[in-house]
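Remarks on the structure that follows.
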Amino acid sequence: MVQFAIRMPQTEGGCPEWTMVELQGELETRDSSGLPGNRLGELHFTKGGQPILLIGHHVLHGKVVELEKPFAVLVKEKEKDNKDDSTESMDTSVSAADTEKCSDYLVKAVIRNKLVFKNRPRPIINLPNKRGH
């Protein structure tokens, strides 16, 4: 199973909302360069809201599923020194053991829905034009 997130239009006054895409099976590139930074395909929606994913010469039909519990997309910010405040009031010299590294995390987006493509892809077949017949 392959899962990744895509950006969706930002909700008014709130945190950006992304949608997760779930595919059954594996995705491979022709040159084995991996997926990061490469274009996967085209995502379209029918008038009824059904997602359709076009990858190469294949089409996948999916459905929108609301997640039971939303995910938060977090970005780790640079580590910084954090002194323990309890030792500072007793003694002004702080040893290296009293100083610990801490990381802040920034909420980049929230994921509430996923697009599930669980059926086998269907090939897109171009039929030749039959002229004069």
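The values are calculated or read from the model by the stated rules, or taken from the named source; none is laboratory data. Everything numeric in this text was worked out from a predicted model, so none of it was measured. Cβ placement follows ideal geometry from the backbone for every residue including glycine, while neighbour counts extend to all protein chains displayed.
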Where Ser93 falls short, out of the listed (1) in contact with a Ser or Thr (Cβ under 6 Å, 6 or more places away or on another chain); (2) at pLDDT below 85; (3) among the polar types (S, T, N, Q) = (1)
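For (1) over 30 Å from Gly48 (Cβ atoms); (2) surrounded by 11 or more Cβ atoms within 10 Å (Cβ to Cβ); (3) at pLDDT 70 or above; (4) touching a Leu at 6+ places or on another chain (Cβ under 9 Å), each residue gets a yes or a no:
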| residue | (1), (2), (3), (4) |
| --- | --- |
| Leu67 | no, yes, yes, no |
| Ala72 | no, yes, yes, no |
| Val75 | yes, no, yes, yes |
| Lys101 | yes, no, no, no |
| Leu106 | yes, no, yes, yes |
| Val116 | no, yes, yes, yes |
| Gly132 | yes, no, no, no |
